[in-house]
Amino acid sequence: MASLLAIALLAITAVSALTVRQSITPLSTSQIDYFTPYTYLASAGYCTAAQTLAWNCGTNCKANSDFKPVASGGDGSDVQYWYVGYSPSLDTVIVAHQGTDPAEILPLITDGDIVLTNLDPSLFPGISSDIEVHSGFKNAQASTATAVLSAVQTAMSKYESTDVTMVGHSLGAAISLLDSVYLPLHLPAGTSFKTIGYGLPRVGNQAFADYVDAHLHLTHINNEEDPIPTCPGMFLGFVHPAGEVHIQDSGEWSACPGQDNPSTQCIVGDVPYIWDGDESDHNGPYNGIEMGSELVTAQQNITFLTTSQIDFFTPYTWYASTAYCAPQQTAIWNCGANCDANPHFNPVASGGDGIEVQYWYVGYDPILQTVIVAHQGTIVNNVSAKEVLAAVERTMSQYNCTSVTIVGHSLGGAIALIDSVYLPLWLPQDISFTTITYGLPRVGNPAFAAYVDAHTNLTHVNNKYDPVPTVPPQFTGYAHPNGEVHIEEGDWAVCPDV
């Protein structure tokens, strides 16, 4: 009797498995290509807020060149980057969230202490208390929810759109899925929504998955043996909604019906245990597109300065440091080691009081054959700007020099950078300018950074864990120009634009 029952159960299992396999269908080439612009939009979520607001983030932005950014935010650390805008070619408002490295997200979704919790009723009014989601994903979505909603409302109004598409990869896909539950609760009836996620981890419980299936239009695409979509484990009460598309090792894209389809053609069957997965599959490729590929390319293009190239900066470093000396010291070039390092320097003018106007000086270096302009640092004002200009003109005339080098550290670097925009507007066109700063904070918006890149010759050197170059934060609209050199464990790395 027992053996007959076992045979019967095996037969049922075989029929069930056969049914699952028969219901799986491959996507055609045109169906796969449909996702391409959304894949690039999801990948663009890895770009900084300043880059997406200017829609200047390399290949990811160029792939959707007609995109109209409306708002962006996040700092890429405590709050994932996000952006909202409108795609005329796709005729939809786009909401995108940054993902994360698989090594960073795995601890978050495999921790045995993972907590399923209810959604915040102030953000999700009327949602059943049966619905529970990952507490970490809930908090990540809540941190940007109201800003994203406001940006979507602005985009819909500005471009007269009634269609909203949420995209994201990895953690960004989880946040986008929660956004796709949140936004319809606050936007006008008649708005259509769809969500396209890549490498989506499980977000909520059975009730959540059922709600998504009943109310949303979700496609979640996973690649080969990516382990992220298999976490958190089903044994913890997490369930994937329907809408899976699984990319096979062969390159075939398979539409897997149902929730957590167990077929080996789908992620649950292909990666039955997390150790069967391969983290390198997480970023793609998704039809040839690697998520965050611009960042990877930039990292690969980083080069290191030689000893002689590093030594080139030494006299300018001393000049920047000398700006901390009082004007009466720099006027006679007598300020200890800072002045002794460049004993041949010929001072011409100096000023500032170190309080309302920080110290500055101008002079000529006969070895480097350049006029030196140095600032201690604070907000530049018209008085010091005009005094510096007059001193530079006098030095150029006195030493018959057509080269000007502007240096500064910290806030002095910020003034030096503004000087490098200011001085060329008032001096002869045949003058060559170089700007070298140390510990430079962000000074202006993306348009300012673009102007600097186009019109100045800037190198900004920062040291290891110095926090000053990271402020003001990018999500407030500030951007660094190109020209970064970063010192790490004695190596000087040239960091190209991302």
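The values are calculated or read from the model by the stated rules, or taken from the named source; none is laboratory data. Bear in mind that the values here come from a model prediction, so they are computed numbers and not experimental data. Ideal geometry is used to build each Cβ from the backbone, glycine not excepted, and the neighbour counts take in all protein chains shown. The area values use the complete protein model at the heavy-atom level, side chains included, leaving out ligands, DNA and RNA. Shrake-Rupley method; radii C 1.70, N 1.55, O 1.52, S 1.80 Å.
Could you give the length gained by full extension between residue 29 and residue 487, i.e. 0.36 nm per residue of separation minus their alpha carbon distance, to one decimal place?
Full extension of this stretch gives 160.2 nm more.
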Counting Lys and Arg as +1 and Asp and Glu as -1, each charge on the Cβ, what is the dipole of the chain about the Cα centre in debye, to the nearest 20? 1140 debye
Candidate lysines - alpha carbon under 16 Å from residue 68, same-chain residues fewer than 8 apart omitted: 158
Where nothing but the Cβ of Lys and Arg (+1) and of Asp and Glu (-1) is charged, how large is the charge dipole of the range 329-439 around its Cα centre, in debye to the nearest 20? 60 debye
Can you tell me the convex hull volume per residue for the range 117-186, based on C-alpha atoms, in Å³ to the nearest whole number? 83 Å³
Per DSSP H run of n ≥ 4, the term is -39500 (n - 2.57); total these for the chain, divide by its residue number, and report the mean residue ellipticity at 222 nm rounded to 500 deg cm²/dmol. -10000 deg cm²/dmol
Kyte-Doolittle cut-off 1.0, length cut-off 27 Å along the helix's own axis using Cα: show which whole DSSP H helices in the chain pass. 2-23
D for the chain, whole µm²/s, Stokes-Einstein with Kirkwood Rh over alpha-carbon pairs at 25 °C and 0.890 mPa s: what number? 95 µm²/s
If the cut-off is 20 Å between C-alpha atoms, which lysines fall inside it for residue 62, apart from same-chain ones fewer than 8 positions away? none
Partner aspartates and glutamates for residue 464 [C-alpha distance under 13 Å; skip if fewer than 8 residues away on the same chain]: 484, 488, 489, 491
About its Cα centre, what dipole magnitude does the range 393-496 give when the only charges are +1 on Lys and Arg Cβ and -1 on Asp and Glu Cβ, stated in debye to the nearest 20? 240 debye
If packing is taken as the average number of other Cβ atoms within 10 Å across a peptide's residues, how do 76-84, 324-332, 194-202 rank, most packed first? 194-202, 76-84, 324-332
Report the normalised scattering of the range 323-467 as log10 I(q)/I(0) at q = 0.17 Å⁻¹, calculated by the Debye formula with identical scatterers on the alpha carbons. -0.92
How would you rank 45-52, 362-369, 27-34, highest first, on the average number of other Cβ atoms within 10 Å across their residues? 45-52, 362-369, 27-34
Ignoring ligands, DNA and RNA, what percent of the 1.4 Å accessible area of the chain is carbon and sulfur? 55 percent
